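The values are calculated or read from the model by the stated rules, or taken from the named source; none is laboratory data. None of the values given here were measured: they were computed from a predicted structure. Here the Cβ is made from the backbone with ideal geometry for all residues, glycine too, and neighbour counts use every protein chain on show.
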Amino acid sequence: MIKLAYIVKKLLSESRDVDYDTAEDFMRRRDEQLMYLCKSLKDSGGKGRVRWTTIPASLLKKVWYQFGKYQRINSNDLDKIADQMLTNIARLRASTEMMGHGQIGKEDIEDETGYEFTDEEWDDWMSSYFTDVNDSWLLSDYGLPKLEALYPAIFNAKSDEEKLYAIDKALNVVHQRSDLAAMFVEGGTKTLRDVANQGGYTSDT
């Protein structure tokens, strides 16, 4: 199938350490999110905005502060952050594809999910339904490749410290654009500034 071929090839080309389990996990999440987004669009009738879950601001601040100040990490809290980060990278891939900025089109997505859309539903509904509170479209040409390249590092981290560092790199990617930050963290760039200013762990790389 085209989706498996190009996404796995992309992941393999962007990380020498990626293994099949990483690609499989990404594909599972991406498929789930694509199905969710198609169902949501169909059910919406083009009204409102798609529900987009993000990393809770209080959770992110707590974990980064505890590590920065006390070198302690709550594994369960960090795993929650990692899981949401990985899911949202996959969701952003699915959303970007649906909005015509990927390597597959409307017919491919319809065949894959079983949902069918008229041209009006696909074009007119999505242009307003797939937006955030600032009316920015839920897609990314700049940040998504960088985030997908970091996916294996988050997924394959062998320690809590490695996982936190890998997530922090992803947060630095989304911090560069306010619309992208809002897709990953509750409060967007404001929360990320708060994390940087609270005295906990931060990195510029």
Residue hits (the range 100-118; touching a Phe, Trp or Tyr at 6+ places or on another chain (Cβ under 6 Å) and either within 14 Å of ASP43 (Cα to Cα) or touching a residue at least 24 places away in the same chain (Cβ under 8 Å) (or both)) are GLN103
Residue satisfying all of: in the range 172-195; part of a helix (DSSP H, G or I) and modelled with pLDDT under 90; nearest to LEU92 (Cα to Cα) among these
ASP179
Is the range 23-44 home to any residue that is at pLDDT below 90 and over 18 Å from the mean Cα position of the chain (by Cα)?
no
Do we have LYS163 as at pLDDT 90 or above, of a type in the set (Lys, Arg) and crowded, with 17+ Cβ neighbours inside 10 Å here?
yes
Per the list (1) surrounded by 14 or more Cβ atoms within 10 Å (Cβ to Cβ); (2) farther than 17 Å from ARG28 by Cα, residue check on THR113 breaks on (2)
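To keep it simple, each residue is scored yes or no on (1) without any contact (Cβ under 8 Å) to a residue 40 or more places away in the chain; (2) among the hydrophobic types (A, V, I, L, M, F, W, C).
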position	(1), (2)
ALA57	no, yes
GLY68	no, no
LEU92	no, yes
GLU120	yes, no
ASP124	no, no
List every residue pair whose Cβ atoms sit under 7 Å apart, with the two residues 6 or more apart in sequence or on different chains, where the first one lies in the range 140-161 and is within 15 Å of ASN172 (Cα to Cα) and the second, anywhere, is acidic (Asp, Glu) and surrounded by 14 or more Cβ atoms within 10 Å (Cβ to Cβ).
GLU148/GLU14; ALA149/GLU14
Scan the range 54-100 for residues that are in a loop (DSSP other than H, G, I, E, B) and within 16 Å of the chain's Cα centre (by Cα) and jot them down.
THR54, PRO56, MET99
